[in-house]
Structures are given as structure tokens and as C-alpha cells.
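Data first, discussion second: the structure below is written as C-alpha cells.
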Amino acid sequence: WNSQGIYATNQSIIDTDGSGATADMFDGINGPDGNYSCNTAWSTGAKYGNLIYDLKSVYQISRVKVWADCTVNSYMKTVEIHASIDGSSYNHIATVANPNSASSGYALVNCQISPLIHARYIKVIMVKDPAKNIMNLGEVAVLGDALEP
């Protein structure tokens with residue numbers, strides 16, 4: 001995954017949080033579990049966390065699953081999904097509100113992509129609930145099918 005561009009395969013795909021405070025992503029324990037996998041937005045000023053996936057080939061994307069920590073102090077308000085073929089120009093393909101209650105623990109936010117889209121790069125933008133101090137992330141899974149030759 002992309003941590004402020006450190007692990008990006010292409011420096012031109014790095015995105016920022018716009019005018020908001022930066023939201024570093026920290027790799028932790030594989031989850032979702034009782035602790036956390038990745039976390040972001042420790043500061044109340046941070047609003048977003050961004051991940052960019054390079055799938056290494058073009059796929060037909062059908063779904064993106066995000067496991068968000070839904071607790072008293074942590075809540076992901078919405079998830080935005082963007083897709084790209086070249087890694088520099090992205091198209092917005094979905095925005096999903098977190099349907100889970102604040103006491104759900106690590107809970108699935110299912111982003112169904114319709115119509116299906118072809119992409120090599122997937123950008124996941126997680127928007128924090130402004131009333132919460134933090135936003136924790138358990139896992140992200142990108143699902144789809146390989147294209148025929």
C-alpha cells in the first residue's frame with residue numbers, strides 16, 4: 001500500500017489530503033482483528049486517509065471491500081473509490097456511506113462497482129467522521145476479473 005508515497009511504484013500517482021491536515025497511514029497487525037491493521041488520522045484536524053493500489057495489470061473491477069473500525073473514538077464516515085488506467089488521471093466510480101453503527105468494531109463497508117470498470121490503479125479515499133478523534137482501518141480488498149488477452 002501507499003504510505004505518503006514511500007511505497008508508490010510511480011511517484012506521479014501520489015495524492016495529498018488537499019487543504020486538510022496530512023493523514024499518515026501506519027502498517028500494523030494484519031486484520032481486521034482485535035487491534036488494528038492500519039490506522040490514520042490521529043489528529044482531530046486530519047480528515048482523509050488515501051490508499052493507492054497498483055494492480056500491476058488492468059482488471060475488470062466489480063467490488064472494493066473496506067473494513068473500518070467503528071467504535072466510540074474511531075469512525076470512517078464514507079469511502080470514495082477512484083479508478084485509473086495510467087495512474088495519473090482518476091475517475092470517481094463510487095462513494096459509499098458507512099452503514100455500520102459506532103459499536104460494530106471492524107465492520108465491512110461494501111463498495112459495489114456498477115457498471116464494472118477497467119482499471120490498473122485503485123484509489124481508496126477514506127473520510128473520517130469529524131466528531132471522532134481517529135479513524136482506523138482493518139483491511140481493503142479489491143475484487144474483479146482478469147481481462148481476456
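Tell me whether the stretch 59-76 contains one or more residues that are of a type in the set (Phe, Trp, Tyr) and touching a helix residue (DSSP H, G or I) at 6+ places or on another chain (Cβ under 8 Å).
No, the stretch 59-76 contains no residue that is of a type in the set (Phe, Trp, Tyr) and touching a helix residue (DSSP H, G or I) at 6+ places or on another chain (Cβ under 8 Å).
Just give me the residues in the stretch 60-95 being open to solvent by 40 Å² or more (accessible area, probe 1.4 Å), hydroxyl-bearing (Ser, Thr, Tyr) and within 24 Å of residue 146 (Cα to Cα), in sequence order.
88, 89, 90, 95
For residue 109, work out the one condition from (1) open to solvent by less than 20 Å² (accessible area, probe 1.4 Å); (2) touching an Asp or Glu at 6+ places or on another chain (Cβ under 7 Å); (3) more than 16 Å from residue 53 (Cα to Cα) it doesn't fulfil.
Result: residue 109 passes all but (2).
Would you tally the residues in the stretch 128-149 being small (Gly, Ala, Ser), touching a strand residue (DSSP E or B) at 6+ places or on another chain (Cβ under 8 Å) and over 17 Å from residue 82 (Cα atoms)?
Of the residues in that region, 2 qualify.
The values are calculated or read from the model by the stated rules, or taken from the named source; none is laboratory data. These numbers come from a predicted model, not from an experiment. Neighbour counts run over all protein chains shown; Cβ positions are idealised from the backbone, glycine included. Each accessible area value is taken on the protein alone, full model and side chains, heavy atoms only, with ligands, DNA and RNA left out. Shrake-Rupley method; radii C 1.70, N 1.55, O 1.52, S 1.80 Å.
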